[in-house]
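Taking it in order: structure first as structure tokens, then the write-up.
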Amino acid sequence: MRKATDYRSRRVGAWRLRVSPEHWSDDLQEKVLTLVAAQAPSKHPQTMAIDVPAGQNGKRFYLKIFHDGGPLIGIKDIFRPSKAFRFWRQGVALASAGFNVPETIGAGEVRRFRVVRRSFVLTAKVDGWPLPVFLADLVNTRERLTTKRNGLMQLARLIQRLHRYGFVHGDLIASNLLVVVADSRELSFYFMDNDRTHWFPGWLPQSLWKRNLIQLNRMPLPGITLQDRMRFLCAYLGQSHLSRREREFARWIENKTRQRRYECDGVDPTLSFRKLMHWNADVE
């Protein structure tokens with residue numbers, strides 16, 4: 001289990017780095033910093049795969065680059081770590097708590113007058129599939145029903161534990177969950193894109209965990225029915241049957257999901273919930 005103290009600080013010109021000494025090298029450093037410098041400014045983060053050394057025998061990493069977020073974000077960044085260092089810090093915290101995340105190989109930021117101009121994070125490849133891709137492939141397998149239901153229960157308990165530990169994921173959409181299948185057919189779930197994940201102490205009342213349930217519920221998914229969504233909620237709440245209060249909470253989630261489907265995907269929110277959440281391969 002990797003800890004923050006396992007990483008080493010480096011200065012390379014204007015760059016401030018935190019790197020894993022086991023995997024970081026001067027050659028890798030030169031390749032990463034050259035790629036980061038070559039990217040044109042962008043409003044959105046950029047992600048690219050790199051192989052070191054190049055070719056089929058290389059080890060694959062993923063480089064995520066964060067650009068200047070504008071004046072308002074720049075002011076905020078004066079008083080907080082960059083997105084890359086937040087990504088690294090939260091990844092270490094999640095791993096320390098027993099959750100699966102891609103291993104961070106290195107992170108870096110460059111500032112000017114304390115304002116973050118550019119930052120990056122480099123992670124090791126995880127051999128898995130984004131949850132929607134895994135589910136689409138699962139539809140055509142013989143053991144799909146058992147695997148789907150067991151996996152949903154496992155995922156619901158995992159999200160429940162995440163929240164009980166005080167973590168709230170910044171963007172818990174289905175595509176930010178990576179599914180890894182072991183030789184024994186057991187599933188493991190990895191949390192991706194953790195730069196906006198936060199941890200809150202147990203004594204601090206907060207309800208941001210509800211936002212994660214809306215994020216996870218928003219996307220229609222292959223083979224996932226309304227009954228599956230209710231099974232997931234029951235498992236998350238630790239109940240076999242929902243009480244009146246919990247049924248009201250389920251209706252609240254439905255209403256919020258309708259709102260998000262309209263805001264993010266332009267779907268008519270007055271449709272029946274079954275049609276609203278129906279997965280269409282031609283659309284998705």
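The values are calculated or read from the model by the stated rules, or taken from the named source; none is laboratory data. Small disclaimer: the values here were computed from a predicted structure and weren't measured. Positions of Cβ are backbone-derived with ideal geometry, glycine not excepted, and every protein chain shown enters the neighbour counts. Ligands, DNA and RNA are stripped out before the accessible areas are found, and what is left, the full protein with its side chains, is counted by its heavy atoms. Shrake-Rupley method; radii C 1.70, N 1.55, O 1.52, S 1.80 Å.
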Listed by first then second residue, the pairs whose first member lies in the stretch 259-284 and is more than 16 Å from Arg229 (Cβ to Cβ), whose partner is modelled with pLDDT of 90 or more and open to solvent by 60 Å² or more (accessible area, probe 1.4 Å), with beta carbons under 7 Å and at least 6 positions apart or on separate chains, are Pro269/Gln259; Pro269/Tyr262
Pairs where the first residue, in the stretch 136-163, is in contact (Cβ under 8 Å) with a residue 40 or more places away in the chain and the second is acidic (Asp, Glu) and not in a loop (DSSP other than H, G, I, E, B), C-beta under 9 Å, 6+ apart: Lys148/Asp228; Arg149/Asp228; Leu152/Asp228
What number of residues within the stretch 217-264 are of a type in the set (A, V, I, L, M, F, W, C), farther than 24 Å from Gly166 by Cα and part of a helix (DSSP H, G or I)? 2
Out of all the residues in the stretch 68-81, is one or more open to solvent by less than 20 Å² (accessible area, probe 1.4 Å) and either assigned to a loop (DSSP other than H, G, I, E, B) or of a type in the set (A, V, I, L, M, F, W, C) (or both)? no
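Let's see how each residue does on (1) more than 28 Å from Ala97 (Cβ to Cβ); (2) within 23 Å of the chain's Cα centre (by Cα):
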| site | (1), (2) |
| --- | --- |
| Leu213 | no, yes |
| Arg245 | yes, no |
| Gln259 | yes, yes |
| Gly266 | yes, no |
Specify the residue that is surrounded by the most Cβ atoms within 10 Å (Cβ to Cβ); the eligible residues are those in the stretch 100-159 that are over 17 Å from the mean Cα position of the chain (by Cα) and assigned to a loop (DSSP other than H, G, I, E, B). Val139
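Here's the yes/no breakdown for (1) open to solvent by less than 40 Å² (accessible area, probe 1.4 Å); (2) outside any loop (DSSP other than H, G, I, E, B); (3) on the phi > 0 side of the Ramachandran plot:
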{"site": "Arg10", "(1), (2), (3)": "no, yes, no"}
{"site": "Arg16", "(1), (2), (3)": "no, yes, no"}
{"site": "Trp24", "(1), (2), (3)": "yes, no, no"}
{"site": "Lys31", "(1), (2), (3)": "no, yes, no"}
{"site": "Val36", "(1), (2), (3)": "yes, yes, no"}
{"site": "Ala49", "(1), (2), (3)": "no, yes, no"}
{"site": "Asn57", "(1), (2), (3)": "no, no, no"}
{"site": "Arg60", "(1), (2), (3)": "no, yes, no"}
{"site": "Leu63", "(1), (2), (3)": "yes, yes, no"}
Residues in the stretch 84-97: is at least one free of Cβ contacts under 8 Å to residues at least 60 places away in the same chain and open to solvent by less than 80 Å² (accessible area, probe 1.4 Å)? no
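Report whether or not Asp171 is under 29 Å from Leu17 (Cβ atoms), of a type in the set (D, E, K, R) and in contact with a helix residue (DSSP H, G or I) (Cβ under 7 Å, 6 or more places away or on another chain).
On the way: under 29 Å from Leu17 (Cβ atoms): yes; of a type in the set (D, E, K, R): yes; in contact with a helix residue (DSSP H, G or I) (Cβ under 7 Å, 6 or more places away or on another chain): yes.
Here the answer is yes, as Asp171 does meet what is asked.
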Across the stretch 196-216, which residue is modelled with the lowest pLDDT among those that are open to solvent by 60 Å² or more (accessible area, probe 1.4 Å) and assigned to a loop (DSSP other than H, G, I, E, B)? Pro205
Do we have Ile78 as farther than 25 Å from Val179 by Cβ and touching a helix residue (DSSP H, G or I) at 6+ places or on another chain (Cβ under 6 Å) here? no
Condition (residue is among the polar types (S, T, N, Q) and free of Cβ contacts under 8 Å to residues at least 60 places away in the same chain) applied to the stretch 188-198: is it met by at least one residue? no
